[in-house]
Amino acid sequence: MKQHLCRVADNRILWHETQILTFDAPELAPQMRPGQFALVRDPATFDPYLRRTAWFYQTTGERVAFTLPACDPLVTRTRVGDTLDVLAPLGRAVEFDARARHILLVGEGARTAPLIAIAQHAIERGRAVVLAGQSVSAEQAFPAHLLSPEIEYHGGRDVLDTELLAWADAIVASGSDDLYRALAESVRAARYRLETGFARVLMDIAMPCGTGACYACAVETARGVRLACADGPAFDLAEFVMARARR
């Protein structure tokens, strides 16, 4: 992790309630990896006081783009040309075993955005990728035209298809606890059991410090309490749901 002062090159709606914030960042751009995030603040003010979590979306040359909620006060006031204080890269990158050739990514509404960098990285390494975007309306659905043509897209209210779950060698999901519970049940139904190491889930929660010092991002797992900013943000689905079942 390193502190960067980055010029804003673009700040616009990506889709629905998701904003894309792009920085001129020749030093940072090559360091970012899929599944990682940044903590961003405006160095000119303490409002908002806490840093905002920005999910890595893509790099283009010397520019790096992140996604945030469109209603976030930081992005609503930021203009192209402004300089923001960026702590990055943060979190552990999402990597796949060399034997995993079929990757299923499951997103829920706006929380689909952190999966795009993971999808692109997998495609570039010759893996087959399906992105399943669950949404309750057409407005919330991830726009398929933003994806590389190699990424197969499935959208709708119920995307936990038995055939897809059986096809996958590995799964990464980004959404709510309800989605993660439903995913665990669907995997058990399609594959008869949920094995450790098969599926991971991203924790989209407040991570104000990025170092694990504040414990605001504590996540209960079967292996004990873990910190999303330092140990995650991706955690094993089996360990996540086992911890919930013990409550």
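A short reminder: the numbers here are calculations on the coordinates, not readings from a lab. As the structure is a prediction and not an experimental result, all values here were calculated from the model. Every residue, glycine among them, receives a Cβ derived from its backbone with ideal geometry; neighbour counts consider all protein chains shown.
Share of Cα-Cα pairs in the chain beyond 33 Å, in percent?
Cα-Cα pairs of the chain separated by over 33 Å account for 15 percent.
What trypsin sites (Lys or Arg not before Pro) does the stretch 173-209 have in DSSP loop regions with at most 11 other beta carbons within 10 Å?
Here the trypsin sites (Lys or Arg not before Pro) that fit, given the DSSP loop and packing criteria, are Arg193.
Which whole-Hz couplings ³J(HN,Hα) result when phi for each residue of the stretch 48-65 is put into the Karplus expression 6.51 cos²θ - 1.76 cosθ + 1.60, θ = phi - 60°, listed in order with x for Gly and Pro?
Values per residue, Gly and Pro as x: x, 6, 7, 5, 9, 7, 10, 8, 4, 10, 6, 10, 9, x, 9, 10, 10, 10 Hz.
Set the Förster distance to 25 Å, then compute FRET efficiency between Ala98 and Ala138 from the Cβ-Cβ distance, nearest 0.05.
0.10
What's the longest bit of the chain with no exposed GluC sites (Glu not before Pro), using DSSP loop states and at most 16 other Cβ atoms within 10 Å as the test?
By the stated rule (loop sites, at most 16 other Cβ atoms within 10 Å), 196-247.
Sort out the exposed loop chymotrypsin sites (Phe, Trp or Tyr not before Pro) in the chain (DSSP loop, at most 15 other Cβ within 10 Å) and tell me the longest stretch that has none.
The segment 50-191 is the longest one with no such site.
In whole Å, what three semi-axes, largest first, describe the equivalent ellipsoid of the stretch 2-90 built from its Cα gyration tensor (square root of 5 times each eigenvalue)?
17, 15, 12
Out of the trypsin sites (Lys or Arg not before Pro) in the stretch 13-88, which ones are loop residues according to DSSP with at most 10 other C-beta atoms within 10 Å?
Loop-located and lightly packed - Arg79.
Show log10 I(q)/I(0) for the stretch 158-230 at q = 0.22 Å⁻¹, two decimals, from a solvent-free Debye sum over equal Cα scatterers.
-0.98
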